[in-house]
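Below is one structure, written out as structure tokens; the observations come after it.
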Amino acid sequence: MKLVIIDYGAGNIKSIQFAFKRLGFDAVLSNNPEEIKAADKIIFPGVGEASSAMKMLKESGLDKLIPKLKQPVLGICLGMQLLCEFSEEGNTKGLGVFNTQVKRFSNDVKVPQMGWNVIKDLKSDLFKGIKENEYMYLVHSYYAEHCEQTIAKTDYGINYASALQHDNFYGVQFHPEKSSLAGEKILKNFIEL
């Protein structure tokens, strides 16, 4: 199993690498298009600000490669948001895989949302063995609006898409690598897809 974590300068990549190591898999960090294309499974992480992350993807040409990938791809946090059409953060045009927009939470709630919250209305084999209202760890100021590709929801002032799926692309707003045993199970499910 060749597992590649896309390394484009916007990620808490080490914690994701350690999470896969605990599951018995060595995940390779790479920004090499050939190595990424040859992977069985791909993780697209992201921490930071959308417009600067997109700029880094464009500089490396990965903005063209990622939407064309045919193997299972898991976007995490900002990685999921960059797979959407547009983000209000820095007025950023996304990669357009998920048919939705990313908006900023209103000031009616504490921004960023930081800590544990539940995921519900789970649809997809990504959540096999995960129960409704399982707690996941989140840190974000922006959220993806619901669309037909929503596979999990979370409430925080509003109800938003905490996971999305389109064909071979999966995205989670939460950090499975920081979400204890349930998060580890989601990573294992991704590997087994």
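The values are calculated or read from the model by the stated rules, or taken from the named source; none is laboratory data. Only a predicted model underlies this, so the values are computations on that prediction, with no experimental measurement involved. Neighbour counts run over all protein chains shown; Cβ positions are idealised from the backbone, glycine included. SASA here: full protein model, heavy atoms, side chains in, ligands and nucleic acids out. Shrake-Rupley method; radii C 1.70, N 1.55, O 1.52, S 1.80 Å.
Looking for whichever is under 16 Å from I158 (Cα atoms) and open to solvent by less than 20 Å² (accessible area, probe 1.4 Å) here; the options are V102, V111, V97. Which one fits?
Values: V111 fails: open to solvent by less than 20 Å² (accessible area, probe 1.4 Å); V97 fails: under 16 Å from I158 (Cα atoms).
Going through V102, V111, V97 in turn, just one is under 16 Å from I158 (Cα atoms) and open to solvent by less than 20 Å² (accessible area, probe 1.4 Å): V102.
When only residues in the range 71-120 that are charged (D, E, K, R) and within 24 Å of I36 (Cβ to Cβ) count, which is nearest to the chain's Cα centre (by Cα)?
E85
Output the residues belonging to the range 13-55 that are crowded, with 18+ Cβ neighbours inside 10 Å, closer than 22 Å to V139 by Cα and out of contact with any helix residue (DSSP H, G or I) (no Cβ under 8 Å at 6 or more places or on another chain).
I13, Q17
Find the helices (runs of 4 or more DSSP H) located wholly in the range 1-113 whose residues include 1 or more that are more than 17 Å from F174 (Cβ to Cβ) and basic (K, R), and list them.
On the way: elements: 13-22, 33-37, 50-60, 62-65, 78-82.
Hits in the range 1-113: 13-22, 33-37, 50-60, 62-65.
Within the range 85-92, does at least one residue satisfy the condition of being on the phi > 0 side of the Ramachandran plot, surrounded by fewer than 22 Cβ atoms within 10 Å (Cβ to Cβ) and touching a Ser or Thr at 6+ places or on another chain (Cβ under 9 Å)? Full working, then the answer.
Going through the range 85-92, the residues on the phi > 0 side of the Ramachandran plot turn out to be 90-91.
Then drop every residue that is not surrounded by fewer than 22 Cβ atoms within 10 Å (Cβ to Cβ), which leaves 90-91.
Keeping just the survivors that are touching a Ser or Thr at 6+ places or on another chain (Cβ under 9 Å) gives 90-91.
Scanning the range 85-92 turns up at least one residue that is on the phi > 0 side of the Ramachandran plot, surrounded by fewer than 22 Cβ atoms within 10 Å (Cβ to Cβ) and touching a Ser or Thr at 6+ places or on another chain (Cβ under 9 Å).
Return yes when I186 is surrounded by 20 or more Cβ atoms within 10 Å (Cβ to Cβ) and not in a loop (DSSP other than H, G, I, E, B) and no when it is not. Explain how you work it out, then say what you get.
On the way: surrounded by 20 or more Cβ atoms within 10 Å (Cβ to Cβ): yes; not in a loop (DSSP other than H, G, I, E, B): yes.
When the stated conditions are applied, I186 passes them.
Taking the criterion of being within 16 Å of the chain's Cα centre (by Cα), under 23 Å from G11 (Cα atoms) and touching a residue at least 60 places away in the same chain (Cβ under 8 Å), would at least one residue in the range 127-137 satisfy it?
no
From the list Q149, Q101, Q81, Q113, exactly one residue is within 22 Å of E192 (Cα to Cα) and either among the hydroxyl-bearing types (S, T, Y) or in contact (Cβ under 8 Å) with a residue 12 or more places away in the chain (or both). Which is it? Show your work before the answer.
Working: Q101 fails: within 22 Å of E192 (Cα to Cα); Q81 fails: within 22 Å of E192 (Cα to Cα); Q113 fails: within 22 Å of E192 (Cα to Cα).
Every option except Q149 fails the conditions.
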